[in-house]
Structure formats: C-alpha cells, structure tokens
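K.L.:
Once you've had a glance at the structure underneath, I'll fire off some questions.
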Amino acid sequence: MVTLYACLGSGNCFKPWLTLKQLHRNFEVKLIDVLRGEQKEVEYLKINPLGVVPYLLTADAAGIGESNAMIWYIAEGTHLMPNTAADRAEALQWMFFEQSKLEPFISPARFFTTILPEKSASMSDEIAEWQSKAKPGLRRLDDHFQNRKFVLQSNYSIADIAMYGYVHVLEEAGFFMADFPNIDRWANDVAMTDHFSPLSDIGQSVVQPKRLAG
Ligand SMILES: N[C@@H](CCC(=O)N[C@@H](CS)C(=O)NCC(=O)O)C(=O)O
C-alpha cells in the first residue's frame, strides 16, 4: 500500500493524489497539519527529514519527496507517462518550469491571499511581488496552450497534472482567469479527463486524520 503524506488545500499535494486517483491505485492519505507545524514535529521528521509535504512512502517503504518526482514514479509504465524520449524530455522541461517560474510565486501569493487571508494586508508588498514574478510564466503558458490541447502534443500526461496543481487555482492567488483564456480552456479540459477529482476532495482519502505513521 502506498502512503501519501499531505495537507489539505495544497497544489503540490494534489498532484500525486490526482495521479493515484486517475490510475485507480490503492493508496492511503495521512494528513499533516502544516498550519499547526506538524511537518516539523519529530515524529514526521523521522519519515521525511525535510519536514515538508507531500511525501510518498512506496509499497516497499522507500520515501520520495518532491511532488513532480512522485508523479513521475507513480505514472511509470502507464498512459500518463509520455512514451517517447522527446516527449519525456518535454514533460520534464514543463515540470521544471512549473517548479521554477510558477509554483514558487503562485503558491505563497495564494497562501497569504486565500489560506491565511488575515495576513494579506501585512503581506501586501510580498504578494504583489510574487504576482508580478508569476505573470511572465503564466503568459508563456497561456501562449503555449494557444496551439496545444494539453502540455504535450501527444496526450494528457503527468506534465498536465504537475502544471494543474497551482495553475488552476490562480484566482486564489489574486489573478483573473479571464486574463489567461487558453489556460482557462486547458484547465476545463483537464477537469474533463477520466477519473478526475478536484483538489477539494483530498480530505475524503484521509485516514487517521490526527496521527502520523500507523
Ligand atoms: N517543491 C516541493 C514543495 C514542498 C513544499 O514546500 N510543501 C509545502 C506545502 S505545499 C510545505 O510543506 N510547507 C510547510 C513548510 O515548508 O514548513 C514539492 O513540489 O513537493
């Protein structure tokens, strides 16, 4: 049984969860409350010394950190893994792009706008800076989707799942989806893929909500 350590509301945690769901895998979610700092508690640090979520424990108890590495592992040998070297390289290109040009800015802007709105006034300068840093990446992605249904030419893949994690909630980071019409169209297409479940459903997979390891 695969175990996914995750927190609610996180686009990074959503990526491996959605991949497991779309592939009909048997897995369990153990919830880590990052707002309470559970990810830095000794019990969790024994599982993931980096003290962040998501974290994936595989059936043979190997641990994998980094959401995009997890989905690469989960999708191995399935229709969600691009099947040519060129497509795999392009998938990686966009997955690195997501982690370097989008997630580091959309995620904190969203955190202090939507998850902790009481901090948004005191963090307004930082939020504005994160938004301005995310904008060129969002523009680039919107241009990409002008001629592509999904990230890769070939099909829906883990590159879409990686991108979707934070991009589909860009309005929660203070952007307007109407400013990115091609992203909007793509996000709707992702939500129509087989066995899709939304981010808000992660809680339904949770076992032992207040305990860490079993
Ligand atoms: N690049 C990592 C990011 C991991 C990360 O920063 N996770 C956040 C939640 S989305 C976290 O655990 N934050 C709490 C902390 O840093 O203490 C990934 O894609 O998995």
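K.L.:
Of a type in the set (Gly, Ala, Ser) and either touching a residue at least 12 places away in the same chain (Cβ under 8 Å) or within 13 Å of the ligand (Cβ to nearest atom) (or both): does that describe Ala109?
P.N.:
Considered against the rule, which asks whether it is of a type in the set (Gly, Ala, Ser) and either touching a residue at least 12 places away in the same chain (Cβ under 8 Å) or within 13 Å of the ligand (Cβ to nearest atom) (or both), Ala109 comes out as yes.
K.L.:
On the given criteria, is Leu8 within 19 Å of Ser107 (Cα to Cα) and away from the ligand (no atom under 11 Å from the Cβ)?
P.N.:
no
K.L.:
Looking only at the stretch 11-62, how many residues end up being among the polar types (S, T, N, Q) and either within 10 Å of the ligand (Cβ to nearest atom) or free of Cβ contacts under 8 Å to residues at least 40 places away in the same chain (or both)?
P.N.:
Adding up the residues that qualify gives 4.
K.L.:
Run Trp130 past the list (1) touching a helix residue (DSSP H, G or I) at 6+ places or on another chain (Cβ under 7 Å); (2) in a helix (DSSP H, G or I); (3) more than 24 Å from Gly9 (Cβ to Cβ) and report the number of the one that doesn't hold.
P.N.:
Only one criterion is unmet by Trp130, namely (3).
K.L.:
Separate question: Do we have any residue at all in the stretch 47-70 that's part of a helix (DSSP H, G or I), in the same structural domain as Leu18 (by TED's automatic domain parsing) and among the hydrophobic types (A, V, I, L, M, F, W, C)?
P.N.:
Looking through the stretch 47-70, at least one residue is part of a helix (DSSP H, G or I), in the same structural domain as Leu18 (by TED's automatic domain parsing) and among the hydrophobic types (A, V, I, L, M, F, W, C).
K.L.:
Then there's this: Got at least one residue in the stretch 81-90 being touching a Pro at 6+ places or on another chain (Cβ under 6 Å), of a type in the set (Lys, Arg) and either within 19 Å of Ser154 (Cβ to Cβ) or within 12 Å of the ligand (Cβ to nearest atom) (or both)?
P.N.:
yes
K.L.:
If you check Ala85, Ala128, Ala61, Ala89, which single one turns out to be on the phi > 0 side of the Ramachandran plot and over 18 Å from the mean Cα position of the chain (by Cα)?
P.N.:
So the residue among Ala85, Ala128, Ala61, Ala89 that is on the phi > 0 side of the Ramachandran plot and over 18 Å from the mean Cα position of the chain (by Cα) is Ala61.
K.L.:
Determine which member of the set Tyr73, Tyr44 is touching an Asp or Glu at 6+ places or on another chain (Cβ under 7 Å), outside the structural domain of Ala128 (by TED's automatic domain parsing) and surrounded by fewer than 23 Cβ atoms within 10 Å (Cβ to Cβ).
P.N.:
Going through Tyr73, Tyr44 in turn, the sole match is Tyr44.
K.L.:
Of all residues in the stretch 1-23, which are part of a loop (DSSP other than H, G, I, E, B), at pLDDT 95 or above and of a type in the set (A, V, I, L, M, F, W, C)?
P.N.:
Matches in the stretch 1-23: Cys7, Leu8, Leu23.
K.L.:
Is there a residue being of a type in the set (D, E, K, R) and surrounded by fewer than 19 Cβ atoms within 10 Å (Cβ to Cβ) anywhere in the stretch 103-115?
P.N.:
No: zero hits.
K.L.:
Also, I was wondering about something else. Kindly evaluate Gln99 against the criterion of being within 20 Å of Ala69 (Cα to Cα), in a helix (DSSP H, G or I) and without any contact (Cβ under 8 Å) to a residue 12 or more places away in the chain.
P.N.:
no
The values are calculated or read from the model by the stated rules, or taken from the named source; none is laboratory data. Computed from a prediction, not measured in an experiment: that's the story for all the values here. A quick note on method: Cβ atoms are made from the backbone with ideal geometry, for glycine too, and the neighbour counts reach across all protein chains shown.
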